[in-house]
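Everything on this sheet refers to the single structure shown next.
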Ligand code: C5P
């Protein structure tokens with residue numbers, strides 16, 4: 001089982017991904033944190049070739065053996081991660097790592113290019129959308145800090161950079177289900193996505209039964 005969740009910054013991918021991973025007993029992989037770890041590595045003067053990024057079973061992110069998970073969600077790394085994400089050599093390294101994980105585990109993987117590039121054969125593809133204003137206010141609630149207008153502007157800058165880059169731009173896969181989350185609670189979004197996964201599982205069981213009978 002491979003579930004791909006894509007969408008712009010602060011669209012609720014992580015909350016949804018964690019909920020689906022719990023419900024369907026899948027490994028949750030937050031690919032944005034890998035880009036953040038690379039940006040942190042550059043900030044520390046480490047060359048890409050000398051960086052080793054590892055993700056543990058319990059979702060800890062290691063940069064050259066050091067657990068940097070708690071340092072990845074800063075507003076400086078919000079922008080820097082999207083700057084390094086335009087570099088083809090960075091994407092190549094990280095996409096390889098992401099596919100390796102997906103080859104070994106059933107996953108819910110979230111990011112920007114999961115349905116289009118990393119796992120084009122994913123069983124379920126979801127693309128979350130919400131207005132920049134809504135996403136900015138969610139981000140402020142989550143981090144318990146920030147000015148609404150400024151955070152909204154930063155989100156718009158990042159979305160534009162992520163959508164306009166030449167390699168693996170942010171966009172829904174042709175076969176993705178788009179969920180508009182602006183007027184919905186997290187519970188409603190989880191329920192909608194969970195129904196998609198259940199429908200898929202029912203189809204799989206149905207075709208297996210028909211094949212066997
Ligand atoms: O999801 P998150 O906000 O942590 O992602 C940080 C940045 O990493 C994004 O703005 C984007 O530029 C980049 N990213 C990406 N492809 C992914 C995941 C994240 O380019 N699959």
Can you pull out the residues in segment 1-52 that are within 17 Å of residue 99 (Cα to Cα), touching a residue at least 40 places away in the same chain (Cβ under 8 Å) and more than 16 Å from the chain's Cα centre (by Cα)? 1
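When you scan segment 113-130, do you find a residue that is part of a loop (DSSP other than H, G, I, E, B), within 12 Å of the ligand (Cβ to nearest atom) and in contact with a helix residue (DSSP H, G or I) (Cβ under 9 Å, 6 or more places away or on another chain), even just one? Spell out the reasoning first.
Within segment 113-130, the first condition is being part of a loop (DSSP other than H, G, I, E, B), and the residues that meet it are 113, 119-123, 130.
From the residues that got through so far, the ones that are within 12 Å of the ligand (Cβ to nearest atom) too are 113, 119.
Still in the list and also in contact with a helix residue (DSSP H, G or I) (Cβ under 9 Å, 6 or more places away or on another chain): 113, 119.
There is at least one residue in segment 113-130 that is part of a loop (DSSP other than H, G, I, E, B), within 12 Å of the ligand (Cβ to nearest atom) and in contact with a helix residue (DSSP H, G or I) (Cβ under 9 Å, 6 or more places away or on another chain).
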Residue check: is residue 30 within 11 Å of the ligand (Cβ to nearest atom) and touching a strand residue (DSSP E or B) at 6+ places or on another chain (Cβ under 8 Å)? yes
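Conditions (1) part of a helix (DSSP H, G or I); (2) farther than 20 Å from residue 178 by Cα, marked per residue:
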{"position": "4", "(1), (2)": "no, no"}
{"position": "10", "(1), (2)": "no, no"}
{"position": "14", "(1), (2)": "yes, no"}
{"position": "20", "(1), (2)": "yes, no"}
{"position": "35", "(1), (2)": "yes, yes"}
{"position": "39", "(1), (2)": "yes, yes"}
{"position": "42", "(1), (2)": "yes, yes"}
Looking at (1) within 16 Å of residue 158 (Cβ to Cβ); (2) within 14 Å of the chain's Cα centre (by Cα); (3) part of a loop (DSSP other than H, G, I, E, B), which is the one condition that is false for residue 59? (1)
So how many residues does segment 22-33 have that are assigned to a helix (DSSP H, G or I) and in contact with a helix residue (DSSP H, G or I) (Cβ under 8 Å, 6 or more places away or on another chain)? 5
Result of the Cβ filter at 7 Å on segment 69-81, keeping first residues that are in a loop (DSSP other than H, G, I, E, B) and partners that are at pLDDT 95 or above and within 12 Å of the ligand (Cβ to nearest atom), at least 6 apart or interchain, is 72/33; 72/36; 72/37; 72/40; 72/61
Segment 85-94: number of residues that are near the ligand (Cβ under 8 Å from one of its atoms) and part of a helix (DSSP H, G or I): 2
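Within segment 53-67, does at least one residue satisfy the condition of being within 9 Å of the ligand (Cβ to nearest atom) and free of Cβ contacts under 8 Å to residues at least 40 places away in the same chain?
Checking segment 53-67: not a single residue is within 9 Å of the ligand (Cβ to nearest atom) and free of Cβ contacts under 8 Å to residues at least 40 places away in the same chain.
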Scanning segment 162-180 residue by residue, those within 26 Å of residue 79 (Cα to Cα), surrounded by 15 or more Cβ atoms within 10 Å (Cβ to Cβ) and under 16 Å from the mean Cα position of the chain (by Cα) turn out to be 162, 168, 169, 170, 171, 172, 173, 179
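Hey, among the residues in segment 143-160 that are surrounded by fewer than 17 Cβ atoms within 10 Å (Cβ to Cβ) and in contact (Cβ under 8 Å) with a residue 24 or more places away in the chain, which one's farthest from residue 95 (Cα to Cα)?
Initially, segment 143-160 is screened for residues surrounded by fewer than 17 Cβ atoms within 10 Å (Cβ to Cβ), giving 143-145, 147-150, 153, 156-157, 160.
Still in the list and also in contact (Cβ under 8 Å) with a residue 24 or more places away in the chain: 143, 156-157.
On the way: 143: 28, 156: 25, 157: 24 Å.
Out of the qualifying residues, it is 143.
The values are calculated or read from the model by the stated rules, or taken from the named source; none is laboratory data. In this text, all values refer to a predicted model and were calculated from it rather than measured experimentally. Every residue, glycine among them, receives a Cβ derived from its backbone with ideal geometry; neighbour counts consider all protein chains shown.
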